[in-house]
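Below is one structure, written out as C-alpha cells; comments come after it.
The values are calculated or read from the model by the stated rules, or taken from the named source; none is laboratory data. Computed from a prediction, not measured in an experiment: that's the story for all the values here. Cβ placement follows ideal geometry from the backbone for every residue including glycine, while neighbour counts extend to all protein chains displayed.
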C-alpha cells in the first residue's frame, strides 16, 4: 500500500504535535511565564486558524490540478452521442457518420459458407454487434469497433476503454471482452451537512458512470451464414 | 452600604465573558480532535468500487470534511457535558450568579463554541485538500467547489444540537448519578433492540429527521426547536440543584 | 434593618439534621462571629444564607429576599470558604479582574496592593497555592469586593501567626472605612474576640446564644472552692461546667445571676471567683457533657 508510509509518517507527526501541545499547555498552568493560560490558548488557536486560512488561500491560488489531463465533459452530450451511434449503426451509415468513434479495425479472410460466431466462455458481450451484409462474396470479413466517449463523474475516461478481442479460429469467430482496465482516482466532495441540501443521496457517494455506446460492426460476404453459438444477439442492418 | 441592583442580562454578559476565559481549554481539545479527524480522513472518508460497465473497473476514493464535522459534533456533546460537571458549574457561584443566569451563559458559551467549531471544521476541508494534493499525488484527483457558507451554517447547527443534547444529559447526571448508567443503557439498548428486530426504530427515525432533511428552512426550524427544548429541559431540571462541594 | 432574618430554619442532610430549628436576626453593619464545634452546622448555615443550598424547612430572608437562586442576594453577598471552586484556567490576576467585573464596589488598587504585600504571584494559579496562601487570597477577594454582606468561613485556616495578625488588622481597617455586615466563623475565638461585636453560638444546628461580646464576657462566672461549699451555692443555679480539682475541690462555671453582695458572701465562704473567657465559655456551652475530657480518663 503506497499510501501507508506517508500516512504513517504524517500520523506520527500529528499525534506527537498534539501530545506536545497538550503537555505544553498543561505545563504552562504552573509556569511563571508572561502569558496566562487563556492567553496561550488564544495564541495557539489563532495559529491554528491561521494555518487553516493559509490552506484556503493555497487552494484558491493553486487549485487542484487534474493529473493526466482528464477533460471535463457534459454527460448530456455523451448521451446523445451514444444514442446517435446506435441508430447510425443500425442504419448502416456508421462508416461515414461514426468515423470519429472508430477505435479498431480487423480484417479476416474467410471463404466458408458458414461461420460460427461465439463469445468465449459464454460470457456476456459488452458490446453490441451489428452485421452488414456486403453486396458481393469477396471472402473477406471486416470488423470495426466503434465506441463513444465514456465518463465518470463528469470526467472523460475514454482512453481507458479498450476494444474487444477478436480471433478467427478453427471453430469460428471468437469474440472476447477486453481486459478490464482499472481506473483509480480520488475525489473531493462536500460535507454531509451540505450534501443533504444539495443532493439527494445522503451518505452515498455517487459515481456517475456512463460507458458510452460500443458497437462491433461486421461486414460479411453476402451469402455467409452466421451461426450465433452463444446468444450474442446479432443485429442485422436492413 | 447601599445594595447593588443587578439585571439578569448584565450578569449573563459578565458570566459569558468570564467563561470564555475560564473554559478556554475546550478549544484546545477542539484543535486536537479536528487534527485527529483530518488524519483519519487522509485515507479517504469513503470509497466506491466495482466493475461498473463491464470493461472498466472503478475505484474511487472520496475526501471530504465529513470526519472533521462528525468529530466536532462529538466534541460539542462532550464539552456540553463537561460544563455541567460540578467543577465547572460551581465556578459561577463564587461570584454573582443564580441558576438561570448560569444556564443562560452556558448556552451562549456553547453557541459560541458551536460557531467556532463549525467554521474550523469547514475550513479544515481546505487543509485536507492541501495535504492530499501536495503529499499524496499518486492518483488523479477530481475537484469540486466547496460550499463554504452553507457548510459552515449547517455544521454550526448540528454541533449546537449536540451541545444541547450533551447539556441535558450532563444535567440529568448531575441530578442523579443513576443516569450515568441509565442513559447509556437506554440508548444502546434501544439501538441493539432495533438492530435485532430489523425494523426502523426510534433512533433511526430521529437520525432521519435531521440528516435527511433537504429543505434548509425546515432544517433550521427543526434544529432550533429541538435545541430549545433540550436546553429548556435542562434549565428547568437544574433549577433545584444545590451547589455542593 | 435586619440583614438576615431566620426563623425555624432546618436543613436535613441525608437523614441527619444539620440545622435544627435555628432562629436569629443579624442587624446591619455588625461584625458577628459564628462560633461552634466542628459539625455544628456553621458552614451549612452560611451556605444557605449565600443561596448555595436550599433550606428543608423554615424561613430565611437575606435583605428581605429568599437567598436560594436569587440574583439580588448573590450580588450583595460574598461567601469565602476553603472549599471554593475557582476555575483552574485563570491565574490570580485574572481572578481579581473577574471579581472586579462582577462587584461594582471592587477596589482594584487595594486588591493589587494586598496581593503584593502578601507576596502572592499574580501569574500563579489558585490550585497551585498552599492552604495558607489560598486563605490569604480568599481574604483579599473578600475585603476588596466591599460587598454589603461578607461571610468568611474559617478565614484563617492554614495562615501563619503573622499573616493572621495582618488579616485581623486589615479586616478591621476595611470595616471601619467601609462599614458592612460581616460574619466570621472561626475556631480561634480568643484571637478574634476583639474584632467581633456579636457572637452567635451554635450547637448541633441550634442557636445557643446570640449576644454582644462584652455582655458575653460577663455572662458567666467561674467558682472554685471546696466541693461541698460549691454544691451548696449552686444548687439552685444551672451549672454549665464542673471539674474536680484534687480530692475535695472543684471548679464550676455558672450563669452570672448573682448580685455584688452575693458574690461578697461567696468570697467570704472561701470560694474563688474568676471571670470566664468567651472562648472557654463557648467551649463549655457547646460540649456534650457537663464535665470535660478528664471524665473520659476518670471513668476508665
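Points worth noting:
- Tally of residues being touching a residue at least 60 places away in the same chain (Cβ under 8 Å) and either within 7 Å of another protein chain (Cβ to nearest Cβ) or within 28 Å of residue C:162 (Cβ to Cβ) (or both) across the range C:76-109: 6
- Pairs meeting the criteria (first residue in the range C:172-188 and closer than 10 Å to residue C:29 by Cα, second residue surrounded by fewer than 19 Cβ atoms within 10 Å (Cβ to Cβ) and modelled with pLDDT under 95, beta carbons under 6 Å, at least 6 apart or on different chains) are C:179/C:29; C:180/B:1; C:181/C:28; C:181/C:29.
- Of all residues in the range A:171-198, exactly one satisfies the criterion of being more than 9 Å from chain B (Cβ to nearest Cβ) and at pLDDT below 80, namely A:171.
- Subset of the range B:181-217 that is touching a helix residue (DSSP H, G or I) at 6+ places or on another chain (Cβ under 9 Å) and outside any helix (DSSP H, G or I) - its residue that is farthest from the other protein chains (Cβ to nearest Cβ): B:201
- Residue list for the range C:138-176, filter: assigned to a helix (DSSP H, G or I) and under 20 Å from residue C:62 (Cβ atoms): C:141, C:142, C:145, C:175
- Screening residue C:229 against (1) under 30 Å from residue C:192 (Cα atoms); (2) outside any loop (DSSP other than H, G, I, E, B); (3) touching a residue at least 24 places away in the same chain (Cβ under 8 Å) leaves a single unmet condition, (1).
- For residue C:122, the conditions (1) over 24 Å from residue C:29 (Cβ atoms); (2) buried (at least 22 other Cβ atoms within 10 Å of the Cβ); (3) in contact with a helix residue (DSSP H, G or I) (Cβ under 7 Å, 6 or more places away or on another chain) all hold with the exception of (2).
- Lone qualifier among B:150, B:157, B:168, B:128 - being in contact with a helix residue (DSSP H, G or I) (Cβ under 8 Å, 6 or more places away or on another chain) and closer than 26 Å to residue A:44 by Cβ: B:128
- Test: residue in the range A:35-49 that is modelled with pLDDT under 75, more than 8 Å from chain B (Cβ to nearest Cβ) and surrounded by fewer than 16 Cβ atoms within 10 Å (Cβ to Cβ): yes
- Any chance residue B:121 is within 9 Å of another protein chain (Cβ to nearest Cβ), buried (at least 21 other Cβ atoms within 10 Å of the Cβ), within 30 Å of residue B:18 (Cβ to Cβ) and within 9 Å of the chain's Cα centre (by Cα): no
- Test for residue C:223: is it over 13 Å from residue C:34 (Cβ atoms) and surrounded by 20 or more Cβ atoms within 10 Å (Cβ to Cβ): yes
- Against the criterion of being under 27 Å from the mean Cα position of the chain (by Cα), surrounded by 19 or more Cβ atoms within 10 Å (Cβ to Cβ), within 14 Å of chain C (Cβ to nearest Cβ) and over 30 Å from residue C:29 (Cβ atoms), residue B:14 does not qualify.
- Criterion applied to B:83, B:31 was being within 30 Å of residue C:98 (Cα to Cα) and away from chain C (no Cβ under 14 Å), and the one residue passing it is B:31.
- Note on the range B:87-118: residues that are within 14 Å of chain A (Cβ to nearest Cβ), more than 30 Å from residue B:150 (Cβ to Cβ) and without any contact (Cβ under 8 Å) to a residue 60 or more places away in the chain amount to 0.
- Only one of the listed residues (C:46, C:53, C:60, C:71) is at pLDDT below 95, under 25 Å from the mean Cα position of the chain (by Cα), within 7 Å of chain B (Cβ to nearest Cβ) and surrounded by 17 or more Cβ atoms within 10 Å (Cβ to Cβ). That residue is C:53.
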